[in-house]
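The values are calculated or read from the model by the stated rules, or taken from the named source; none is laboratory data. Quantities reported herein were computed from a predicted structural model and do not represent experimental measurements. Neighbour counts run over all protein chains shown; Cβ positions are idealised from the backbone, glycine included.
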């Protein structure tokens, strides 16, 4: 059943992509022939004719002229629609599609981008000047997860997976609703049947996601609150002195307003953290270039870790 649904879904998406591609060509060219479109999209002329009929049913004024010098075009009375998007608008669209391909790993958006570029040499002035690469070290393992989750969302299938969290490992069964890209990572917003509440799951912590044949009735799902205050509520107020030579890291990770420079050149840093382990791990990456002032519990933890590390190297 799942294989049939997946096949039908892909066929439908391919048709939608082809319709978008045909419409893009018609908006950029005065006229094009059915054989040209059939060759471009690698389908039969009969399929192109059906596509043209579908565009007409959708209210797009496409006309076909038979015989020598004929072809397919959008009616002259609607030629003003060709300027709905400016060259800058199209550059932004293409940059966005390119960035999505950098994380999908499938080349899907690149194919759509090609269709949008067809016949647009006059429309797109100059070369591309925006390059966005959202891929990560986990791109190879991330792309299959995105495909599985997208399929589950599209067909309202339950999704099962093993999840790794600070509290431990667990098997989860969810109703997936949204794929979210935020904070340089991918998440899925879902109703968790284990916790009976909405949860935001990080894809890099998911293992072996599987689409369950059982479907679910869609809830009136709220949009996830993606504000930093909601996801990272703070709770640990840290105050520390950093050496001047690591200023670039503080600026890169927290911005130039996260510290004040003191007379001796040290940087007084203050911030709220929500996770003690992450805070300790981050501070340790600075080695001797940081001294925690408060809270005392953080000072004690780092001191104890330093002592344990010293003992390991003394034995060696």
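Quick look at the numbers
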quantity: Selection within the stretch 23-57 - part of a helix (DSSP H, G or I), modelled with pLDDT of 85 or more and closer than 11 Å to residue 74 by Cα; calculated: 52
quantity: Of residues in the stretch 153-163 being over 9 Å from residue 210 (Cα atoms), buried (at least 17 other Cβ atoms within 10 Å of the Cβ) and out of contact with any helix residue (DSSP H, G or I) (no Cβ under 7 Å at 6 or more places or on another chain), the one modelled with the highest pLDDT; calculated: 157
quantity: Yes/no for residue 18 being at pLDDT 75 or above and either loosely packed, with under 14 Cβ neighbours inside 10 Å or farther than 30 Å from residue 154 by Cα (or both); calculated: no
quantity: Residue selected from the stretch 66-95 under the condition modelled with pLDDT of 85 or more and farther than 16 Å from residue 20 by Cβ, by the criterion nearest to the chain's Cα centre (by Cα); calculated: 73
